[in-house]
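Data first, discussion second: the structure below is written as structure tokens.
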Amino acid sequence: MSKFELKLPKMGESVAEATITSWLKEVGDTIEMDEAIVEIATDKVDSEVPSEVEGVLVERFFEVDEVVGVGQVIAVIETNGEANVALEEAELKEEELPEELPTVASVKSKFEEVNEPNTDLSSPSGRFFSPLVKNIARTEGISLSELETIPGTGKDQRITKNDILAYIKEGRKASETGSVAEKPETKVKETTKVPPVVTSQPALNDEIIEMSRMGKLISKHMVDSLRTSAHVQSFVEVDVTSIVKWRERIKDEFQKREGEKITYTPIFMEAVAKAIRDFPMMNISVDGDKVIKHKDINLGMAAALADGNLIVPVIKKADQLNLVGMTKVVNDLAFRSRSGKLNPDDVQGGTFTVTNVGSFGSIMGTPIINQPQVGILALGSIRKVPAVIETPEGDLIGIRHKMILSHSYDHRVVNGALGSMFAKRVGDYLEAWDINAGF
């Protein structure tokens, strides 16, 4: 018999860790190849970790709610294949080991050290802080020295996300009564008063519903975005009559030939990608005092989940797709979003986001920017409205299909002219649609 180390796989360039949300297998259970063993969650998406071998689960290194770094060993499976030499050495009896070899406990500890993320995430004292914890600390203005004082409930007394969020919550409560010392880097005048936190008190017959994990993440993401960016909006009304008539004419033939239903979404995405190519300064993000201009146009596509939450899968290099290709990608991402089968990479790397508020009946919306992007476009519902039609013989009143585009953008780096011209350019591409075009 031999042992196989199951490690947390890489889940995207910007994903360094994940939280264990549920073990699907107990120690002693038989494991099939590709069978899911544990459920994990990142700050973007939930997923499962399958086994690369078949055998028996003999050890689990982490408990539910603990944070694991990419590459760390999370479990050991006993197999009939070749032995994992390093692990077998760790299982030798201590009295059989030469003096220079480590003990069982130190080998196990060494595995954890080797597989942890970069050591630059550790403090001068040697205490480890995960990227997520350090990011929360930076956002909340918590210094490294203050971070050192927070007690941790994770493995080896590490600070978990819940630990630091609880500290922030309790610290704010205490600061209202003046019992918390000032942060080393912040000097607050004695006359400054912290506004009280307004809370709702449930009545006798009220139902209290706990927010879901994703709901909490979305809530924090939205509040952080409003704190970060100076939001401003521009609105454009667009006549999409030609698109409506074109789609009605070709949709059956399109599905028969391509095996895909064509909705309005890929048409809109194609127009947005073209407009971004015309205005590349909408395809940027902000890093402190620097602006990062992205080469690839990666469009986030907000998709509704069954529980009412939203997730934003990303169409990579959207400007390089034709309409058929765009349709296939949009349909695939939408299906996997609804069925919970997105991979972490599917929601990474977005440079601009589009959200379809019209699918819920809204005429328009003022969406919150998906950080660290600088713009998000909301598509309103398509409505039949009376409109003035200009003809060589004079103006007429007719029935047209129209919609409103709402563009929210970061006024720190995108001025009103750019934000408005971009939205207008998207509208121009949609209005110029050739009703006689093929596909």
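Quick look at the values:
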{"quantity": "Test: residue in segment 363-382 that is farther than 28 Å from residue 281 by Cβ, assigned to a helix (DSSP H, G or I) and out of contact with any Cys (no Cβ under 8 Å at 6 or more places or on another chain)", "calculated": "no"}
{"quantity": "Enumeration of residues in segment 226-254 that are without any contact (Cβ under 8 Å) to a residue 60 or more places away in the chain and either under 21 Å from residue 357 (Cα atoms) or crowded, with 18+ Cβ neighbours inside 10 Å (or both)", "calculated": "247"}
{"quantity": "Of residues in segment 1-51 being loosely packed, with under 14 Cβ neighbours inside 10 Å and at pLDDT below 80, the one farthest from residue 134 (Cα to Cα)", "calculated": "1"}
{"quantity": "Only one of 15, 56 that is out of contact with any Phe, Trp or Tyr (no Cβ under 8 Å at 6 or more places or on another chain) and under 22 Å from residue 219 (Cβ atoms)", "calculated": "15"}
{"quantity": "Index of the failed condition, residue 272 passing every other in (1) within 15 Å of residue 324 (Cα to Cα); (2) touching a helix residue (DSSP H, G or I) at 6+ places or on another chain (Cβ under 6 Å); (3) not aromatic (Phe, Trp, Tyr)", "calculated": "(1)"}
{"quantity": "Leading residue by the ranking (farthest from the chain's Cα centre (by Cα)) among those in segment 255-278 that are more than 20 Å from residue 353 (Cβ to Cβ) and touching a residue at least 24 places away in the same chain (Cβ under 8 Å)", "calculated": "258"}
{"quantity": "Search result, residues across segment 325-345 that are at pLDDT below 95 and surrounded by fewer than 18 Cβ atoms within 10 Å (Cβ to Cβ)", "calculated": "334, 335, 336, 338, 339, 340, 341, 343"}
{"quantity": "Test: residue in segment 383-403 that is of a type in the set (Ser, Thr, Tyr) and in contact (Cβ under 8 Å) with a residue 40 or more places away in the chain", "calculated": "no"}
{"quantity": "Given (1) in a loop (DSSP other than H, G, I, E, B); (2) over 20 Å from residue 245 (Cβ atoms), index of the condition residue 408 fails", "calculated": "(1)"}
{"quantity": "Helices (runs of 4 or more DSSP H) enclosed by segment 204-318 - at least 2 residues per element that are over 22 Å from residue 431 (Cβ atoms)", "calculated": "213-228, 241-258"}
{"quantity": "Test: residue in segment 338-356 that is β-branched (Val, Ile, Thr) and assigned to a loop (DSSP other than H, G, I, E, B)", "calculated": "yes"}
{"quantity": "Which numbered condition residue 422 fails, given (1) of a type outside the set (Lys, Arg); (2) assigned to a strand (DSSP E or B); (3) modelled with pLDDT of 95 or more", "calculated": "(2)"}
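To keep it simple, each residue is scored yes or no on (1) surrounded by 17 or more Cβ atoms within 10 Å (Cβ to Cβ); (2) farther than 30 Å from residue 214 by Cβ; (3) of a type in the set (A, V, I, L, M); (4) modelled with pLDDT of 95 or more.
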| residue | (1), (2), (3), (4) |
| --- | --- |
| 347 | yes, no, yes, no |
| 377 | yes, no, yes, yes |
| 380 | yes, no, no, yes |
| 396 | no, yes, yes, no |
| 411 | no, no, no, yes |
| 415 | no, yes, no, yes |
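The values are calculated or read from the model by the stated rules, or taken from the named source; none is laboratory data. Note that this is a predicted model, so its numbers are computed, not measured. Because the Cβ atoms are built from the backbone with ideal geometry, glycine has one as well, and the counts that use them run over all protein chains shown.
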